[in-house]
Amino acid sequence: MNKDVIGVAGDHAGYEFKEQIKAYLEQKGFSVKDFGACQYDASDDYPVFASDMASAIAKGEYSRGVLFCGTGIGASIAANRHKGVRAALCFTPEMATLSRKHNNSNVVVLGARTLSVDSAKEILDAWLEGDFEGGRHQKRVELLDNLS
Ligand code: RB5
């Protein structure tokens, strides 16, 4: 498990955004595993990149990641089909904090067509700083992870 490595992935709509957020994470001292797309290609498909990263998290190879697509919706749907992946589509820092505290989110999803890069950085910072509260939320997260 690469605990200190953060996965990133996104389709063409999220490509430029991913590149900027990847640089931001690296500036902050994180190592980043890029699951693609590795270049802008308008014909690429978000389920492929989101699933590649989510699958690695589901297998325990990586502990957390950041996904991008135009709205964040498609990448969220794809990632959440992988057992053990709890991907949170966030529009505010508060949503990111609560997704860590209550849902123990291991993926944050950012919409490149719905957020500015600056607001995405604020959301990402809140998510990185957030901690799972456990307690009453533990059982709920277990219930989530036991859904087929
Ligand atoms: C691509 O045009 C767009 O549909 C995709 O990035 C995403 O927003 C889907 O949910």
- Check Ile6: other-chain or 5+ apart residues with amide H under 5 Å from its amide H, H built from backbone geometry? Ser31, Val32, Lys33
- How large is ³J(HN,Hα) for each residue in segment 5-18, as worked out from phi by the Karplus curve 6.51 cos²θ - 1.76 cosθ + 1.60 (θ = phi - 60°), to whole Hz, x for Gly and Pro? 9, 9, x, 9, 7, x, 8, 4, 5, x, 4, 5, 4, 4
- Please turn the phi angles of segment 26-35 into ³J(HN,Hα) values with the Karplus equation 6.51 cos²θ - 1.76 cosθ + 1.60 (θ = phi - 60°), one per residue in order, whole Hz, x for glycine and proline. 5, 4, 7, x, 7, 8, 10, 9, 9, 8
- How large is the accessible surface per residue of segment 1-144, computed with a 1.4 Å probe and reported in Å² as a whole number? 49 Å²
- Could you pull out every residue, at least 5 positions away or on a different chain, whose amide H is within less than 5 Å of the one on Cys69? Hs are placed 1.01 Å off N in the peptide plane, and Pro or chain starts have none. Leu110, Ala112
- Message: Can you give me the angle between helix 117-129 and the longest principal axis of the chain, using Cα atoms only, in degrees from 0 to 90, rounded to the nearest 10?
- Response: 30 degrees
- Mind checking the dipole of the chain: about its Cα centre, +1 per Lys or Arg Cβ, -1 per Asp or Glu Cβ, Debye to the nearest 20? 600 debye
- Note on the structure: Taking the chain and counting helices only, DSSP H stretches of n ≥ 4 at -39,500 (n - 2.57) each over all residues, the nearest-500 ellipticity at 222 nm comes to -14000 deg cm²/dmol
- Arranged from highest to lowest average of other beta-carbon atoms within 10 Å per residue, in what order do the peptides 91-99, 24-32 appear? 91-99, 24-32
- Whole-Hz Karplus couplings 3J(HN,Hα) for segment 39-51, θ = phi - 60° and coefficients 6.51, -1.76, 1.60, Gly and Pro as x, run 7, 6, 8, 4, 9, 7, 10, 4, x, 5, 6, 5, 5
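In the chain, carbon and sulfur make up what percent of the accessible area (probe 1.4 Å)?
With neighbouring chains kept in place, the figure for the chain is 48 percent.
Would you calculate the convex hull of the Cα atoms in the chain and tell me its volume per residue in Å³?
Per-residue hull volume (Cα only) is 92 Å³.
The values are calculated or read from the model by the stated rules, or taken from the named source; none is laboratory data. Since the model is a prediction, treat every value here as computed from it, not as a measurement. Because the Cβ atoms are built from the backbone with ideal geometry, glycine has one as well, and the counts that use them run over all protein chains shown. Accessible surface areas use protein heavy atoms only, side chains included; no ligands, DNA or RNA. Shrake-Rupley method; radii C 1.70, N 1.55, O 1.52, S 1.80 Å.
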